[in-house]
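Just below is one structure, and these are the notes that go with it.
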Amino acid sequence: MAIRVKVVPVSETITAATPATTVANNVVVLQQSSDVALDIDPDQVAGYVKDGQDLVVQLKNGDNVRIANFYVDGQAPSQLFLVDKEKLVAVDLPAAASDGPLAASYLPQDTLAGFDSMTAAGAATTGGGVSGAMILGGLAAVGAAVALASSGGDGGGGGETSPPPPAPPPPDTTAPSAPTALAVSADGRTLTGRGEAGTTVRVDSNGDGRPDTTGTVGADGRFSITLSPPLTNGEQITVTLADAAGNVSGPGQVTAPDTTPPAAATNVVVSDDGSSVSGNGEPGATVGVDTNGDGQPDITGVVGGDGQFTLPLDPPLTNGETVSVVVTDPAGNSSPPVSVQAPDYPDAPLLDASNGSVISGTAGAGLTIVLTDGDGNPIGQAVADANGDWSFTPSTPLADGTVVNAVAQDSAGNSSPVASITVDAVAPAAPVVDPSNGSELSGTAEAGSTVTLTDGSGNPIGQVTADGSGNWSFTPSTPLADGTVVNVVAGDAAGNTSPPATVTVDASAPAAPVLNASNGTTISGTAEAGSTVTLTDGSGNPIGQ
C-alpha cells in the first residue's frame, strides 16, 4: 500500500500544513534527527524493531517501513508519530536500546495530521481509537485490545464471528539492578562495569541528570564505554541501566581520575604597601607563594569557596621583588606559575652625623630627600647627585638635640623608610696630652673623637681616634725634636671641634743626680726638679724610687 510521510527537523513542529510525500520502497531516509509522521493507524502496527541506526515499523499486513538514521550517536533522538482519527499520535520508544524488538506506548496529540488520506490508502480500521495506556511488548500487536470482527456469507445468513486475538503479555515494570564494579581508566578514556545483560548503559558525566554517553551491557554482564572527551578532572559520574521496557535502575557512581592541572591563578597582585598578595584560583586549592626565586613556596594558603585568596607577606616586599604563585589542587596537580612584581620603593637614605649647620648623606641617585624634625615639621629638601651624595644647609643651624628625619622619594612619589639622626652641636672637651720626649704622643679625649695633632706652626703631625675609654696615642715615624710644640684638638662625628691642648717635647735628659753619703738607713740627694730618682744596687737590683 502507498504510505504518506511528513518529516521535519526535531527543532520544528509537524502541523496539518506540513507537506507530505509518498514513502518510496517503504524506506524513509533521515538526514538528521527528525520528527517523522507516518499516515498509519496504530492498529495497523505489529511491532517495532531497532536495527542498527534504523527503526523498522512492522505492519500486520506483512509490510515493513524502514526509517533510516532514526538513531544517530551524538544527536537528539528522532520522534515517530502515527495517525488516529485525523490527529497525530506520538510513539514513545526507548531513547537508546540494543538492536531488537522495542516496547512502545502511545500518547495521543491534539495536532491534526493533515494527510490527504488518513489511513494509508483507505485501510480499514476496526478499533475504536488509541488509548495512552496501550503498550507494545516486543512484536505484540498494539491493536490486540480492540476486537476484530468479520462476517461470512453473502448477507442475511448467520455468519461466524472470528475469535478475539490473545491478550498481550503484561508489561515489564521491573527495573534492572544498579550497575556495579564501576571504574574509570587512569587516562579517563574508558568506563567499565557490570550490569544486567542487554540493558542500555546511561552515563551522566556533568551532573545534569541526562545521559551524555550510552552503551550496552554485553551478554557476559560486562560493559566498556569510551568517554570522549576523556574525564580527568575528578568528575562525579552517575551510571544507570535501562531495559528494553524503559525501566531504569538506581544510580551507580564513580569518580574520574584527577590528572588535570588547575588553571593558573588570575588577578594576582601585591598590595601597594607590599604586605600581602591576592588573586583568584580554584576553590579549595592550595596557593604557594615563592618570594625569593628558589622555586619553593615560602608562604602557603587556601583558596576560599568564593575563589579568592589573600596571603600576608612578612616582611613586606617593597624592593621590586618577583613573586611567583602556583595553585595546587587536592589531587596534587599544580598549575603553571604566575609571576608579579612587588612595588619598588627606594631604600632609606643614609644620614651623616651633624652639628646642625649642614645635613648631609647618601641615597639613590636622583632621589629627592625630604627632611623633617621630630614633630614632622619640614626642615628642607635635597636631591641626590649622580654619585648619590646630597646635602642641605639650613638658613639657621639646627639646635643641639634636634631630631632630623629623612625619607627618599622617587619620581612616582614612592617613599623609602625613615632614617633619623639627632643634632649634636656640643663640642668635645679639650683633650689631655701627656708629657712626651717626642717618640710618642698620648693622652685622653672624648671617646670616639678624632684627635688631630699639629706643631706650633699648624703643620700636621698626625691623627688618631680615641678608643671607647677615651685613650689615644700616636707614634711619629721620626721622634719629634726637643722643644717642638704640639697642639692637640678633638673633633666629634658631628663636626664639632674642642679647644686645643698643648705640650712641648722634652727630649733632653736630666743632669745626673747628686747622692749624699749614707749609713744605709736613708739615701738622699738632689736631682732635676720633678724628676723620678730610681735606685738600684751594684747588680742592678732595684732598691727603690
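State whether one or more residues within region 197-213 are farther than 28 Å from residue 72 by Cβ, at pLDDT 90 or above and assigned to a strand (DSSP E or B).
Checking region 197-213: not a single residue is farther than 28 Å from residue 72 by Cβ, at pLDDT 90 or above and assigned to a strand (DSSP E or B).
Here are 527, 501, 511, 507: which of them is among the aliphatic types (A, V, I, L, M), touching an Asp or Glu at 6+ places or on another chain (Cβ under 9 Å) and surrounded by 13 or more Cβ atoms within 10 Å (Cβ to Cβ)?
Exactly one residue qualifies, and that residue is 507.
Does residue 468 meet the test of being touching a strand residue (DSSP E or B) at 6+ places or on another chain (Cβ under 7 Å), exposed (fewer than 13 other Cβ atoms within 10 Å of the Cβ), touching a residue at least 12 places away in the same chain (Cβ under 8 Å) and part of a loop (DSSP other than H, G, I, E, B)?
no
Any residue at all in region 11-28 that is among the aliphatic types (A, V, I, L, M), surrounded by fewer than 18 Cβ atoms within 10 Å (Cβ to Cβ) and closer than 19 Å to residue 94 by Cα?
no
Could you tell me whether any residue of region 10-32 is touching a Pro at 6+ places or on another chain (Cβ under 7 Å), more than 30 Å from residue 174 (Cα to Cα) and assigned to a loop (DSSP other than H, G, I, E, B)?
Among the residues of region 10-32, at least one is touching a Pro at 6+ places or on another chain (Cβ under 7 Å), more than 30 Å from residue 174 (Cα to Cα) and assigned to a loop (DSSP other than H, G, I, E, B), which makes the answer yes.
Taking residue 489 as meeting all but one of (1) part of a loop (DSSP other than H, G, I, E, B); (2) within 30 Å of residue 421 (Cα to Cα); (3) among the β-branched types (Val, Ile, Thr), write down the number of the exception.
Condition (1) is where residue 489 drops out.
May I ask you to say which residue of 264, 219 is farther than 30 Å from residue 280 by Cβ, aliphatic (A, V, I, L, M), modelled with pLDDT of 90 or more and in a loop (DSSP other than H, G, I, E, B)? Give the steps one after another, and end with the answer.
Details: 264 fails: farther than 30 Å from residue 280 by Cβ.
Among 264, 219, only 219 is farther than 30 Å from residue 280 by Cβ, aliphatic (A, V, I, L, M), modelled with pLDDT of 90 or more and in a loop (DSSP other than H, G, I, E, B).
Quick check on my filter: what residues within region 14-39 are more than 25 Å from residue 98 (Cβ to Cβ), β-branched (Val, Ile, Thr) and in contact (Cβ under 8 Å) with a residue 24 or more places away in the chain? Don't jump to the end; show me each part of the working.
Just the residues of region 14-39 that are more than 25 Å from residue 98 (Cβ to Cβ), to begin with: 14-25, 37, 39.
Filter once more, so that each one left must be β-branched (Val, Ile, Thr): 14-15, 18, 21-23.
Across region 14-39, the qualifying residues are 14, 15, 18, 23.
Kindly indicate the residue of region 33-52 that is assigned to a loop (DSSP other than H, G, I, E, B) and touching a strand residue (DSSP E or B) at 6+ places or on another chain (Cβ under 8 Å) and also nearest to residue 68 (Cα to Cα) among those meeting that condition.
Step one: filter region 33-52 for residues assigned to a loop (DSSP other than H, G, I, E, B), giving 33, 39-41, 52.
This time we only want the ones that are touching a strand residue (DSSP E or B) at 6+ places or on another chain (Cβ under 8 Å), so: 33, 39-41.
Values: 33: 11, 39: 17, 40: 18, 41: 21 Å.
Looking at residues that are assigned to a loop (DSSP other than H, G, I, E, B) and touching a strand residue (DSSP E or B) at 6+ places or on another chain (Cβ under 8 Å), I get 33.
Name every residue in region 63-84 that is part of a strand (DSSP E or B) and touching a residue at least 60 places away in the same chain (Cβ under 8 Å), in order of residue number.
Listed by number, the residues that qualify are 65, 79, 81.
Considering region 40-62 alone, what residues qualify as being exposed (fewer than 15 other Cβ atoms within 10 Å of the Cβ), touching a residue at least 60 places away in the same chain (Cβ under 8 Å) and either among the charged types (D, E, K, R) or closer than 21 Å to residue 95 by Cβ (or both)?
none
From the residues in region 473-487 that are of a type in the set (Val, Ile, Thr) and surrounded by 13 or more Cβ atoms within 10 Å (Cβ to Cβ), which one is nearest to residue 500 (Cα to Cα)? Spell out the reasoning first.
Applying the first criterion (of a type in the set (Val, Ile, Thr)) to region 473-487 yields 475, 478, 484-486.
When the remaining residues are screened for being surrounded by 13 or more Cβ atoms within 10 Å (Cβ to Cβ), the result is 484-486.
Numbers: 484: 16, 485: 12, 486: 10 Å.
Applying the filter and picking the extreme gives 486.
Do we have any residue at all in region 406-415 that's over 30 Å from residue 467 (Cβ atoms), assigned to a loop (DSSP other than H, G, I, E, B) and among the hydrophobic types (A, V, I, L, M, F, W, C)?
Yes: one or more hits.
Looking only at region 353-369, which residues are closer than 24 Å to residue 410 by Cβ and surrounded by 20 or more Cβ atoms within 10 Å (Cβ to Cβ)?
The answer is 359, 361, 363, 367, 369.
Please go through region 269-285 and give me each residue that is in a strand (DSSP E or B), touching a residue at least 40 places away in the same chain (Cβ under 8 Å) and within 8 Å of the chain's Cα centre (by Cα), ordered by number. Explain how you work it out, then say what you get.
As a first pass, look at region 269-285 and keep what is in a strand (DSSP E or B): 269-270, 276-280.
Okay, now just the ones that are also touching a residue at least 40 places away in the same chain (Cβ under 8 Å), so 269-270, 277, 279.
Scanning region 269-285 gives a single hit, 279.
Among (1) at pLDDT 95 or above; (2) closer than 26 Å to residue 359 by Cα; (3) surrounded by 15 or more Cβ atoms within 10 Å (Cβ to Cβ); (4) polar (S, T, N, Q), which single condition is residue 420 missing?
The number of the failed condition is (3).
For region 323-332, does any single residue satisfy the condition of being charged (D, E, K, R), surrounded by 14 or more Cβ atoms within 10 Å (Cβ to Cβ), over 17 Å from residue 388 (Cβ atoms) and under 13 Å from the mean Cα position of the chain (by Cα)?
So far as region 323-332 goes, yes, one or more of its residues are charged (D, E, K, R), surrounded by 14 or more Cβ atoms within 10 Å (Cβ to Cβ), over 17 Å from residue 388 (Cβ atoms) and under 13 Å from the mean Cα position of the chain (by Cα).
The values are calculated or read from the model by the stated rules, or taken from the named source; none is laboratory data. Source: prediction; values computed, not measured. All Cβ positions, glycine included, derive from the backbone under ideal geometry; neighbour counts span all protein chains shown.
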